[in-house]
2 protein chains.
Amino acid sequence: MECKPLLKEAHKKEMRAIQDSMDVLSGKWKIAIITSICLYNKRRFSDILNDVYGISNKMLSKELKELETNKLIKRTVLDTQPVTVQYELTKHGKSLQTIIKDLTAWGIQHRKEIIGK
Amino acid sequence: MECKPLLKEAHKKEMRAIQDSMDVLSGKWKIAIITSICLYNKRRFSDILNDVYGISNKMLSKELKELETNKLIKRTVLDTQPVTVQYELTKHGKSLQTIIKDLTAWGIQHRKEIIGK
DNA sequence: CCGTATCCCCGGGGATACTG
DNA sequence: CAGTATCCCCGGGGATACGG
């Protein structure tokens, strides 16, 4: 009667949690999009398009939809002329802020580590 | 003379840092692989293959190579019979622990948010 | 301005079999 | 056990043009 099996169960749960997260957040663009919105609080389609280097409008549109489906962002159409659309983080989306902050710091450190030698 | 331009510059740097991070960590499997190794400290090829649900040996091999190139993990061949190979996090890899912990917690919360409604 | 539609190509990545 | 090699297919995703 040892604790290994219990540990294994706990680890499986952690692995599943990670994979749940990654199902929503993985992909080349999602985190960058969220970061863009997060930095400016509210952000328009074309602004995000500029912030996220290399993304196409088709991809951005698709990713935004998925993020909305997963309740991470809220989409608001403003009846200006012509139409503008604003994206902002939901409460659930904002709960990623810590992770984003850490990832930013890590990215800087990583650049030093690899390129800076 | 206002502070907006400075802010914009800072935000661009943050965006670049995020994209640096994502260049290394994005993709369906990387974080899950790192998590597996992290949970057990040292982990063998076939163990990771089991931990990361759905990954193929080809993908795992490829991803491990990339993680090694980016100095996140260390690969050690043990001269057992037959050969076994051990992966562990480098110091730099370990610096992801906080992020992984947060992602785990977030994944659990997310599941509640979406599925648990 | 904010997307959607269409076209089209390339490579990501699975299944399987094989080697040291 | 830890990968590599080969085959092969499908869809991710870019470019471009168009619609509300």
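No lab work stands behind these numbers, since they all come straight from the coordinates. Remember, it's a predicted structure, so these values are computed and weren't measured experimentally. Neighbour counts are summed over all protein chains in view; Cβ atoms, including those assigned to glycine, are modelled from backbone coordinates with ideal geometry.
Could you go through region B:61-75 and let me know if any residue there is away from DNA strand D (no atom under 12 Å from the Cβ) and assigned to a helix (DSSP H, G or I). Yes: region B:61-75 contains one or more residues that are away from DNA strand D (no atom under 12 Å from the Cβ) and assigned to a helix (DSSP H, G or I). Scanning region B:58-75 for residues being exposed (fewer than 11 other Cβ atoms within 10 Å of the Cβ) and either polar (S, T, N, Q) or more than 10 Å from DNA strand C (Cβ to nearest atom) (or both) gives a total of 0.
Among the residues making up region A:13-29, those that are within 13 Å of DNA strand D (Cβ to nearest atom) and either among the small types (Gly, Ala, Ser) or crowded, with 20+ Cβ neighbours inside 10 Å (or both) are A:SER26, A:GLY27, A:TRP29.
So that you can scan it fast, the table gives a plain yes or no per residue for (1) in contact with a Ser or Thr (Cβ under 7 Å, 6 or more places away or on another chain); (2) more than 14 Å from chain A (Cβ to nearest Cβ):
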site: B:ILE55; (1), (2): no, no
site: B:LYS58; (1), (2): no, yes
site: B:ILE73; (1), (2): yes, no
site: B:ASP79; (1), (2): no, yes
site: B:LEU89; (1), (2): no, no
site: B:LYS112; (1), (2): no, no
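Selection within region A:79-97: residues that are among the aliphatic types (A, V, I, L, M) and part of a strand (DSSP E or B). The member of this set that is nearest to DNA strand D (Cβ to nearest atom) is A:VAL85. Remark: pairs (first residue in region B:97-117, over 14 Å from B:LEU39 (Cβ atoms); second residue part of a loop (DSSP other than H, G, I, E, B); Cβ separation under 7 Å; 6+ apart in sequence or on different chains) = B:TRP106/A:SER95; B:TRP106/A:LEU96; B:GLN109/A:SER95; B:GLU113/A:LYS71; B:ILE114/A:ASN70; B:ILE114/A:LYS71. For region B:1-51, filtering for residues that are part of a helix (DSSP H, G or I), more than 11 Å from every other protein chain (Cβ to nearest Cβ) and touching a residue at least 40 places away in the same chain (Cβ under 8 Å) leaves 2. In this structure, is B:THR104 away from chain A (no Cβ under 11 Å) and either more than 10 Å from DNA strand D (Cβ to nearest atom) or over 28 Å from A:ALA10 (Cα atoms) (or both)? When the stated conditions are applied, B:THR104 does not pass them.
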